[in-house]
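The values are calculated or read from the model by the stated rules, or taken from the named source; none is laboratory data. Just so it is clear, the model here is predicted, and its values are computed rather than measured. Ideal geometry is used to build each Cβ from the backbone, glycine not excepted, and the neighbour counts take in all protein chains shown.
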Amino acid sequence: MHLSPHDIFTGSVAMAIIVLTWVCAAIAIKNKLLTKFLGRKFLHVAAICTCAWAIQHFEDRNLLAYIFLTFFFILLAMIRKGWMQVNDQTTYGIALFPLAFALLLFMPVIPTNIIVYAVLILGISDALAGIAGQYIGKRKILFLAEEKSWAGFAAFYISAFIISLFYFNDFSAYGILLCILLALLPAVTELFSYRGSDNFTVPIFTVAWVLLIHDSTGDQPLALLTAALLFAGLSIFAQYQKWLTSSGAMAAFWMALLLYASGGLKVFIAPGIFLITGSLLSKLNKDQKEKAGRNAQQVFANGITGVILIFIYGILHQHVYLMEAFGIREYQSLLILGNISFCISMADSASSELGIYLKGDVYDIISFKEMPVGVSGGVSLQGTIAGLAGAMLLAFPIVIIYSYPFIAFIWFSLIGFIGMLVDSILGSLLQVKYKTIGGILTDEAMPGAKKVKGFSWCTNDWVNIISNLLVTLLFFYISKQ
């Protein structure tokens, strides 16, 4: 690995452009020709598009990946020192895009042109979304951890569609249809950012999305677009019925889109049953905090593990050569693990919601002390039975759909049930809990309440994610022994 004269020239020009752009932006902001916000967006577009140019022309991909990785650590150190703080909150977003580029470049099986496409989407569409959201989108919605607007979403989607058309240079009816789809997932992904995390998630998911659908054949793109429109309608209906909030509806749409694209209706049915059933179960307890519907955090907490596993399965299913590149011996287990993850989530949702609804005596799963209904770590006979029934309810269609033997039904149900118990155990041990002024134990940080147990960062959503991932991976490890 050495730096050729061509790469020295390419790297030098790229660095010069970025530095010159930074200086111009600083001068423009100082002289009030640009606001700080527009100055940052101008620098964002110029710097990331310059990175796209460098990626396209650099000869040694591995070396360029190491260069990006070095800049990630440099920017990370500068942010930690407080030298690059752009607002009142510390954000690591500016350090995340070189990390994403490095990871993509380290994978030689990913074509360079797809990486360049993803980088351009991040550079141009993400900036336009921010500008449109700032100056046009007056109504903001908290999608995950940041407030976004539909105007910003529209700006991202339209610009990503135009970039796709001209980048892939296919203006046929098929090409236009494909570009309509290619722009969709990155636009939705950008909504769910946290302090600049979209600088990482947008390029990563854009590349994965292109790998999944760009080589579609026959009527697959039309079927996927039809499914996307159906999912959008169902998401709007779920929001109207207050099963989901606006953010929860978009999260469910994002997940449904990935699931269907990963294997069609067959792959979607079982997780789809969970998504619908989980939303309906959350409406049983009208006095609970979820009466307005599940938000994006709650939707992701219950489904993200299974969705990602099935998403990776879909990519490997369509690009088997990636298995050797990533050292994967077989990919069918990813589909099994994804469905197991949803069985765990189904058991946990049924146990929590029906346990509260049926109003049985609740005891801490570790100390066996009686505790209030609805507090994490508590179990009841009714809720435990409901959890097992929930796992069995989802395991049944999985076994039917994939023609698994009856023993698989037992395993899916059992692992879903175990996952529910592990969720309760971690909820008791790790999740933050408070005592109100009246001495009542609660998961909520109410006014005057004092923290008495657990970690401040560990909410019920984090317990769901950790327990689900832990049990799913543990099953995978045991099954391989």
Looking at the range 42-75 only, could you name the residues that are farther than 20 Å from residue 123 by Cα and not in a helix (DSSP H, G or I)?
59, 60
Quick check on my filter: what residues within the range 338-370 are free of Cβ contacts under 8 Å to residues at least 60 places away in the same chain, touching a strand residue (DSSP E or B) at 6+ places or on another chain (Cβ under 9 Å) and part of a loop (DSSP other than H, G, I, E, B)?
361, 362, 369
Mind checking which residues of the range 190-200 are assigned to a helix (DSSP H, G or I) and surrounded by fewer than 23 Cβ atoms within 10 Å (Cβ to Cβ)?
200
All but one of (1) aromatic (Phe, Trp, Tyr); (2) within 16 Å of residue 56 (Cα to Cα); (3) assigned to a loop (DSSP other than H, G, I, E, B) hold for residue 171; which doesn't?
(2)
Is it the case that the range 142-162 has a residue that's among the small types (Gly, Ala, Ser), closer than 21 Å to residue 239 by Cβ, in contact with a Ser or Thr (Cβ under 7 Å, 6 or more places away or on another chain) and modelled with pLDDT under 90?
no
Do you know which of the residues in the range 398-446 that are within 25 Å of the chain's Cα centre (by Cα) and of a type in the set (S, T, N, Q) is nearest to residue 470 (Cα to Cα)?
424
Filter the range 414-441 for residues that are surrounded by fewer than 16 Cβ atoms within 10 Å (Cβ to Cβ) and touching a Pro at 6+ places or on another chain (Cβ under 7 Å) and give the result.
440
List every residue pair whose Cβ atoms lie under 7 Å apart, where the two residues are 6 or more positions apart in sequence or sit on different chains, the first residue falls within the range 183-199 and is in contact (Cβ under 8 Å) with a residue 24 or more places away in the chain, and the second residue, located anywhere, is polar (S, T, N, Q) and assigned to a loop (DSSP other than H, G, I, E, B).
195/89; 195/91; 196/91
Would you confirm whether any residue within the range 23-37 is among the basic types (Lys, Arg), closer than 24 Å to residue 134 by Cβ, part of a loop (DSSP other than H, G, I, E, B) and free of Cβ contacts under 8 Å to residues at least 24 places away in the same chain?
yes
Residue 269 of a type in the set (A, V, I, L, M) and either farther than 23 Å from residue 356 by Cβ or in the same structural domain as residue 101 (by TED's automatic domain parsing) (or both)
yes
Any chance residue 95 is surrounded by fewer than 23 Cβ atoms within 10 Å (Cβ to Cβ), of a type outside the set (Ser, Thr, Tyr) and out of contact with any helix residue (DSSP H, G or I) (no Cβ under 6 Å at 6 or more places or on another chain)
no
Residue 292 passes all but one of (1) modelled with pLDDT under 85; (2) farther than 21 Å from residue 235 by Cβ; (3) of a type in the set (A, V, I, L, M, F, W, C); which number fails?
(2)
Residues of the range 133-151 that turn out to be free of Cβ contacts under 8 Å to residues at least 24 places away in the same chain and part of a helix (DSSP H, G or I), as a count:
4
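Table: residues versus (1) on the phi > 0 side of the Ramachandran plot; (2) over 29 Å from the mean Cα position of the chain (by Cα); (3) not aliphatic (A, V, I, L, M).
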position: 3; (1), (2), (3): no, yes, no
position: 13; (1), (2), (3): no, yes, no
position: 23; (1), (2), (3): no, yes, no
position: 32; (1), (2), (3): yes, yes, yes
position: 40; (1), (2), (3): no, no, yes
position: 50; (1), (2), (3): no, no, yes
position: 58; (1), (2), (3): no, yes, yes
The range 366-401, subset of a type in the set (S, T, N, Q) and touching a Ser or Thr at 6+ places or on another chain (Cβ under 8 Å), residue surrounded by the fewest Cβ atoms within 10 Å (Cβ to Cβ):
367
Taking residue 437 as meeting all but one of (1) part of a helix (DSSP H, G or I); (2) more than 16 Å from residue 341 (Cβ to Cβ), write down the number of the exception.
(1)
From the residues in the range 450-469 that are modelled with pLDDT of 90 or more and β-branched (Val, Ile, Thr), which one is surrounded by the most Cβ atoms within 10 Å (Cβ to Cβ)?
463
